[in-house]
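Chemist: The structure under discussion is supplied below as structure tokens; questions concerning it will follow.
The values are calculated or read from the model by the stated rules, or taken from the named source; none is laboratory data. Remember, it's a predicted structure, so these values are computed and weren't measured experimentally. Note that each Cβ is placed from the backbone with ideal geometry, even for glycine, and that neighbours are counted across all protein chains shown.
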Amino acid sequence: MRFDILTLFPDMFPGYMGQSLLNKAIENGIVEVHVHNMRDWSTDKHNKIDDRPYGGGPGMILSVQPVIRCVKAVQEMADDPGQVIVMTPQGERLCQPTVERLATNKRMILLCGRYEGFDQRVIDILDPLELSIGDYILNGGEVAAMVVVDSLVRMVPGVLGDQQSSWDDSFSRGNRMLEYPQYTRPRDFEGHEVPEVLLSGNHKQIEQWRKAQSLAKTKMRRQDLLE
Ligand code: 6GU
């Protein structure tokens, strides 16, 4: 799986990419992440990539010309032009079924907006998938793009130690329940004890207890998942 991330803040990514699971997947050649600075594709002598909105209003708009130039150049860097994704709070909200659908792509090109967003013609020309990660406003699409990469790489075979676990998680197709509480040693921490049933060795009882805990937590916190 290959990601190309188009941003005005490329330095936000190496820290995240250098850690744990993703770092290992990159080192093993299972995942590739290439970060590109859209400013490098400006034809303006001051490397300008934004301008004031027609019709007035606050903020600056990312210009169509450098953004399209950048996307076309990046698409040329591999055979598969890839699924183009624009990160925007106006997009479809990311959920686990969408993660699982996107995980079938071999290549994705993620555009991160800043300022007041992209010139509408960027969207009209590229016909991208527009994605949001939730109903709140971030300062830009960079953190949201990391969320997309993070959720997708877990679906790539060989990235997780135990492949099964990515599909067993809450919100996967087969599971619309929150997870039950887990414990490890010690049995007693300053009077806070591990539930007796988990120490019983009775696997049937443990399974029943876990199911009941999942259901109770889901009912209390996320009734919407049960409907
Ligand atoms: Cl993708 N971008 C921004 N700027 N804010 C967001 C978002 C994206 N998703 C949720 N909030």
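Listed here are the residues, each with its yes/no results for (1) at pLDDT below 95; (2) assigned to a loop (DSSP other than H, G, I, E, B); (3) more than 16 Å from the ligand (Cβ to nearest atom); (4) assigned by TED's automatic domain parsing to the domain that holds Gly134.
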{"residue": "Leu6", "(1), (2), (3), (4)": "no, no, no, yes"}
{"residue": "Leu22", "(1), (2), (3), (4)": "yes, no, yes, yes"}
{"residue": "Val35", "(1), (2), (3), (4)": "no, no, yes, yes"}
{"residue": "Lys48", "(1), (2), (3), (4)": "no, yes, yes, yes"}
{"residue": "Thr88", "(1), (2), (3), (4)": "no, no, no, yes"}
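Chemist: Additional query: Return the only residue of Asn47, Asn139 being in contact with a helix residue (DSSP H, G or I) (Cβ under 6 Å, 6 or more places away or on another chain) and surrounded by fewer than 19 Cβ atoms within 10 Å (Cβ to Cβ). If you could, list the steps in order and put the result at the bottom.
Modeler: Values: Asn139 fails: in contact with a helix residue (DSSP H, G or I) (Cβ under 6 Å, 6 or more places away or on another chain).
None of the others qualify; the one that does is Asn47.
Chemist: Scanning for something within 30 Å of Arg176 (Cα to Cα), surrounded by 15 or more Cβ atoms within 10 Å (Cβ to Cβ) and either near the ligand (Cβ under 10 Å from one of its atoms) or in the same structural domain as Asn37 (by TED's automatic domain parsing) (or both), does the range 58-71 turn up at least one residue? Quick ask: steps written out before the conclusion?
Modeler: Taking the range 58-71 as the starting set, the residues that turn out to be within 30 Å of Arg176 (Cα to Cα) are none.
No.
Chemist: Further, regarding this structure: How many residues does the range 24-44 contain that are surrounded by 13 or more Cβ atoms within 10 Å (Cβ to Cβ) and either of a type in the set (S, T, N, Q) or within 24 Å of Leu152 (Cβ to Cβ) (or both)?
Modeler: 13
Chemist: Go through the range 129-143 and count every residue that is assigned to a loop (DSSP other than H, G, I, E, B) and either near the ligand (Cβ under 6 Å from one of its atoms) or not charged (D, E, K, R) (or both).
Modeler: Summing the residues that are assigned to a loop (DSSP other than H, G, I, E, B) and either near the ligand (Cβ under 6 Å from one of its atoms) or not charged (D, E, K, R) (or both) in the range 129-143 gives 8.
Chemist: Only one of Pro97, Pro53, Pro66 is part of a loop (DSSP other than H, G, I, E, B) and not hydroxyl-bearing (Ser, Thr, Tyr). Can you tell me which?
Modeler: Matching residue, one of Pro97, Pro53, Pro66: Pro53.
Chemist: Can you tell me which residue among Ile123, Ile109 is within 14 Å of the ligand (Cβ to nearest atom) and either buried (at least 17 other Cβ atoms within 10 Å of the Cβ) or assigned to a helix (DSSP H, G or I) (or both)?
Modeler: Just a single option satisfies the conditions, and that option is Ile123.
Chemist: Could you tell me which residue of the range 80-106 is surrounded by the fewest Cβ atoms within 10 Å (Cβ to Cβ), considering only residues that are within 27 Å of Asp51 (Cβ to Cβ) and free of Cβ contacts under 8 Å to residues at least 60 places away in the same chain? Even if it seems obvious, please write down each step before you answer.
Modeler: From the range 80-106, those within 27 Å of Asp51 (Cβ to Cβ) are 84-91; that's our starting set.
Those left that are additionally free of Cβ contacts under 8 Å to residues at least 60 places away in the same chain: 84, 86, 88-91.
Values: Val84: 23, Val86: 23, Thr88: 19, Pro89: 18, Gln90: 11, Gly91: 17.
Looking at the filtered set, the residue picked out is Gln90.
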